[in-house]
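**Q** Mind having a look at this structure? Questions to follow.
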Amino acid sequence: MFRMVQVFRMVQGQRLILASGSPRRKELLSGIGLSFETSVPGSDESILPGESAMKMVERLALRKAWAIAENNRQAWVLGADTTVVLHGEILGKPEDAKDAERMLSGLQGSTHEVVGAFAVINAARAIEHVEVHRTSVTMIPLSPEVIREYVQSGEPMDKAGSYAVQGIGASLVSTVDGSYTNVVGLNLAATLQALQRFGAVDAATR
């Protein structure tokens with residue numbers, strides 16, 4: 001049985017706000033014992049005409065973070081955005097069950113890319129930092145029946161690409177090349193490294 005050990009902590013006097021309502025991102029930060037608040041921005045997440053996936057996630061991560069940082073200038077604000085790309089097509093959240101089945105039919109038996117960005121902003125210190133990371137994911141071949149059953153579970157309905165690698169969808173994935181947590185919704189290692197460089201997070205000591 002493993003004992004819960006806190007490896008990282010916020011530096012005393014520093015405050016972190018996660019600019020997201022995503023349960024996955026909350027779980028990732030909570031899982032390492034980091035103290036933070038959450039505030040959900042009301043940002044428009046529409047894709048701009050001709051915009052690449054990398055530019056889109058970078059823009060949205062920054063927009064979400066700034067939406068909260070404007071009124072919390074002393075805090076460290078973390079924004080993030082994630083999307084799925086298959087043969088150049090950006091796959092966002094499905095509109096309905098039929099759309100989810102369409103996406104999964106394209107993803108099954110092939111390799112796609114998960115593109116994720118995070119932005120760290122501290123307005124008072126004039127710090128704006130953003131990173132984009134890509135992870136390759138390969139799915140096993142899936143029959144239409146399996147796809148239909150998975151969609152009926154409800155899990156795909158609020159996920160980019162119509163699957164959750166940390167949920168039932170883990171059984172559909174054969175390999176992950178790159179950051180696993182980037183696929184979940186936030187490259188946790190890269191985020192912590194950035195926060196450490198800026199002096200917001202430090203290694204926990206007993």
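Only the coordinates and a few stated rules stand behind these numbers; no lab work does. As the structure is a prediction and not an experimental result, all values here were calculated from the model. Glycine gets a Cβ as well: all are built from the backbone with ideal geometry, and neighbour counts include every protein chain shown.
**Q** Would you mind checking the tilt of helix 53-69 against the longest principal axis of the Cα atoms of the chain, expressed as 0 to 90 degrees and rounded to 10?
**A** Between the helix axis and the principal axis of the chain, the angle is about 40 degrees.
**Q** Would you mind computing, in nm to one decimal, how far apart the modelled labels at GLU27 and VAL11 are, each placed 7 Å from Cα along Cα→Cβ?
**A** 3.1
**Q** Distance between Cα centroids, the stretch 183-199 to the stretch 150-182: provide it in whole Å.
**A** 21
**Q** Give me the extension gain from ILE127 to GLN74: residue separation times 0.36 nm, minus the current Cα-Cα distance, reported in nm with one decimal.
**A** 18.0 nm
**Q** Please work out the Cα center distance from the stretch 20-52 to the stretch 64-103, rounded to the nearest Å.
**A** One Cα centre to the other: 7 Å.
**Q** Just grab the label-to-label distance for SER35 and VAL173, each label 7 Å out from Cα along the Cβ direction, in nm (one decimal).
**A** 3.2
**Q** Next up: Mind putting a number on the dipole of the chain about its Cα centre? Charges go on the C-beta only, +1 for Lys and Arg and -1 for Asp and Glu, and I need it in Debye to the nearest 20.
**A** Rounded to the nearest 20 debye, it is 880 debye.
**Q** Another one. Please report, in Å, the Rg and the Dmax of the chain, where both are computed over Cα atoms only.
**A** 17.6, 54
**Q** Another question about this same structure. On a 0 to 90 degree scale, rounded to 10, what angle separates helix 97-107 from the longest Cα axis of the chain?
**A** Value to nearest ten degrees: 90.
**Q** Still on this structure, please answer the following. With r as the distance between the Cβ atoms of SER143 and GLN196 and R0 = 35 Å, compute the FRET efficiency 1/(1 + (r/R0)^6) and round to 0.05.
**A** For GLN196 and SER143, the calculated efficiency is 0.15.
**Q** Here is a follow-up. I need the peptides 120-126, 48-54 ranked by packing, meaning the mean over residues of other C-beta atoms within 10 angstrom, with the highest value on top.
**A** Descending packing order for the listed peptides: 120-126, 48-54.
**Q** Can you tell me the order of 66-77, 188-199 when each peptide is scored by its average per-residue count of other Cβ atoms within 10 angstrom, highest first?
**A** So the peptides 66-77, 188-199, ranked by packing, come out 66-77, 188-199.
**Q** Moving to a separate point now. How high is the relative contact order of the stretch 1-109? Use alpha-carbon pairs under 8 Å, at least six apart in sequence, and give a whole percent.
**A** Reported relative contact order: 25 percent.
**Q** Which angle from 0 to 90°, rounded to the nearest 10, does the C-alpha axis of helix 188-197 make with the longest principal axis of the chain?
**A** 20
**Q** Take the stretch 66-160, drop everything but the C-alpha atoms, weight them equally and run the Debye formula without solvent; then report log10 I(q)/I(0) at 0.11, 0.16, 0.19, 0.20 Å⁻¹ to two decimals.
**A** Those come out to -0.46, -0.73, -0.87, -0.91, one per q.
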